[in-house]
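Peer 1: After the structure tokens below, expect a handful of questions from me.
The values are calculated or read from the model by the stated rules, or taken from the named source; none is laboratory data. Keep in mind the model is a prediction, meaning the values are calculated, not measured. So basically every Cβ, Gly included, is an ideal-geometry build from the backbone, and we count neighbours across all protein chains shown.
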Amino acid sequence: MAVTTETQAVTRTDPKVPLIELRGVSKAFGNNVILDRVNLKINRGDALVIIGPSGTGKSTIIRMIAGLLPIDRGAIYINGQKRKGLIEDQEDPIGISMVFQQAALFDSLTVEQNVGFSLYQHSNLSRQKIRQLVDEKLEMVGLVGTNNRFPSELSGGMRKRVSFARAIMSNPENPKSRPEIILYDEPTAGLDPIASTVIENLVRDLQCTKKGCGTYIMVSHQNSTIRRTGDRVIFLYEGKIQWSGTVEEIDSTDNPLVRQFFSASVEGPIRVTE
């Protein structure tokens, strides 16, 4: 399911102000420390991929950025404005969309109803106008003519693309509702290599088109997705960012964590859990 937060007022548009900034953010579940005083900046136009072993807090970070999960310590700034509480407690100064790992479509709704859900529920647009906008978004993700199909009638890759269409949906009468950043949580998980390539291409296409979204954070453990969708990469392990670099630097770094991760070796500093 894609969750979009809409704004009613614009704060700063200074390009020097990061779209998202984490300052000393910590998160624990019981005695298990997931994030330990993490600092991170996401600027306009970033294509950031967060990598690391399973259970290291990758999805936790983007859920906190989306305002779906509270932080324990530190602060998150959205376009220079400190967030207080969760998304239902305060409207963010920019639109943020999230695409969940399993697409999370409403099984009882058609593709058209899923993609246009936020507009059907929270706008005064006519049904005809919403259908027109849905058609536009479905064309962008290569799913023309699927309006009346249900999620159960779609392949896994098609369901992912429907969730992408929903993530970039906005109300043309409220330009502030357009997402300025998309958070992707393992969008190619469970897909075959060809379907994964389709999704990876789509992520980049949506970044480049004016009707898409130019900034995103990707969580992935899949080699092709990391390399094809990322410009900047951070490696998260034991609650901290252990390495940061470009995609090109993956193969030249001497960081033992990164080298072990991409070689899939069981020997190295990353503890193997059974």
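Peer 1: Can you tell me which of (1) at pLDDT 95 or above; (2) more than 13 Å from the chain's Cα centre (by Cα); (3) surrounded by fewer than 20 Cβ atoms within 10 Å (Cβ to Cβ) is the one residue 40 doesn't meet?
Peer 2: (3)
Peer 1: Can you tell me which residue within segment 84-122, out of those that are outside any loop (DSSP other than H, G, I, E, B) and β-branched (Val, Ile, Thr), is surrounded by the most Cβ atoms within 10 Å (Cβ to Cβ)?
Peer 2: Filtering segment 84-122 for residues that are outside any loop (DSSP other than H, G, I, E, B) and β-branched (Val, Ile, Thr), the one surrounded by the most Cβ atoms within 10 Å (Cβ to Cβ) comes out as 115.
Peer 1: Please find, within segment 44-72, the residue that is surrounded by the most Cβ atoms within 10 Å (Cβ to Cβ) out of those that are within 10 Å of the chain's Cα centre (by Cα) and closer than 16 Å to residue 92 by Cα.
Peer 2: Ranking the qualifying residues of segment 44-72, first place goes to 65.
Peer 1: Moving on to the next point. Report the residue count in segment 258-274 for those that are in a helix (DSSP H, G or I) and touching a residue at least 40 places away in the same chain (Cβ under 8 Å). Break it down stepwise before answering.
Peer 2: Of segment 258-274, the ones in a helix (DSSP H, G or I) are 258-263.
After this cut, where a residue has to be touching a residue at least 40 places away in the same chain (Cβ under 8 Å) as well, the list is 261.
Result for segment 258-274: 1.
Peer 1: Counting only residues that are over 20 Å from residue 221 (Cα atoms) and of a type in the set (Gly, Ala, Ser), how many does segment 40-89 have?
Peer 2: Residues that pass the stated criteria total 7.
Peer 1: Could you check residue 163 against (1) touching a Ser or Thr at 6+ places or on another chain (Cβ under 7 Å); (2) closer than 25 Å to residue 132 by Cβ; (3) of a type in the set (Ser, Thr, Tyr) and say which number it fails?
Peer 2: Against the list (1) touching a Ser or Thr at 6+ places or on another chain (Cβ under 7 Å); (2) closer than 25 Å to residue 132 by Cβ; (3) of a type in the set (Ser, Thr, Tyr), residue 163 comes up short only on (1).
Peer 1: Next question, about the same structure. Out of all the residues in segment 74-83, is one or more out of contact with any strand residue (DSSP E or B) (no Cβ under 8 Å at 6 or more places or on another chain), without any contact (Cβ under 8 Å) to a residue 40 or more places away in the chain and part of a loop (DSSP other than H, G, I, E, B)?
Peer 2: Checking segment 74-83: not a single residue is out of contact with any strand residue (DSSP E or B) (no Cβ under 8 Å at 6 or more places or on another chain), without any contact (Cβ under 8 Å) to a residue 40 or more places away in the chain and part of a loop (DSSP other than H, G, I, E, B).
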